[in-house]
Amino acid sequence: MKLCISSYGNDLESNVDPRFGRSRVFLFVDSETMEYEAVENPGMTAGGGAGTQAAQLVANNGAEAVLTGNVGPNADNVLNAANIKVYIGLTGTCRDAIDKYKKGELQTVNGPSVSRHAGIRD
């Protein structure tokens, strides 16, 4: 499965970024082969619409699931419309997040975990 992880850095040892829409980097990872690609998030510095831009980037890159700390309402709407599963509350390294996903320790969420503009304050 192709996963997207919000990340502070460009590799699997980087920590999960708790902000989805304003995440620095997205790691697109094949959960079977562990091959990955790091893509900078153009929405990170957006004045508005960061969550929507980020979610569209994720959908355009073919991700089937997102692993992150939190997701806001605009991103949640786009991800749900694209049938992308969302897993929140993740901390630690991106590799740790993938391991938890593979072990079935994560549950999908329905709805945002933070309000609009929450990532701006972080």
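Quick look at the numbers
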read-out	value
Filtered residues of the stretch 1-38 (kept if aliphatic (A, V, I, L, M), under 14 Å from the mean Cα position of the chain (by Cα) and either in a loop (DSSP other than H, G, I, E, B) or under 19 Å from Lys85 (Cβ atoms) (or both))	Leu3, Ile5, Leu12, Val16, Leu27, Val29
Hits in the stretch 65-98 (condition: among the small types (Gly, Ala, Ser), surrounded by fewer than 21 Cβ atoms within 10 Å (Cβ to Cβ) and in a helix (DSSP H, G or I))	Ala81
Whichever residue in the stretch 51-87 is under 15 Å from Gln107 (Cα atoms) and hydroxyl-bearing (Ser, Thr, Tyr) and, among such residues, is nearest to the chain's Cα centre (by Cα)	Thr68
The listed residue being farther than 23 Å from Ser14 by Cα and touching a residue at least 40 places away in the same chain (Cβ under 8 Å), out of Asn74, Asn61	Asn74
Residues satisfying the stated conditions in the stretch 25-39, i.e. farther than 19 Å from Val78 by Cα and of a type outside the set (A, V, I, L, M)	Asp30, Ser31, Glu32, Thr33, Glu35, Tyr36, Glu37
Which numbered condition Gly111 misses (of (1) closer than 19 Å to Arg22 by Cα; (2) at pLDDT below 95; (3) crowded, with 16+ Cβ neighbours inside 10 Å)	(3)
Matching entry among Gly43, Gly47, Gly51 (being out of contact with any strand residue (DSSP E or B) (no Cβ under 6 Å at 6 or more places or on another chain), assigned to a loop (DSSP other than H, G, I, E, B) and either in contact (Cβ under 8 Å) with a residue 60 or more places away in the chain or more than 16 Å from Ala97 (Cβ to Cβ) (or both))	Gly47
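The values are calculated or read from the model by the stated rules, or taken from the named source; none is laboratory data. Computed from a predicted structure; not experimentally measured. Every residue, glycine as well, gets a Cβ built from its backbone with ideal geometry; the counts of neighbours run over all protein chains shown.
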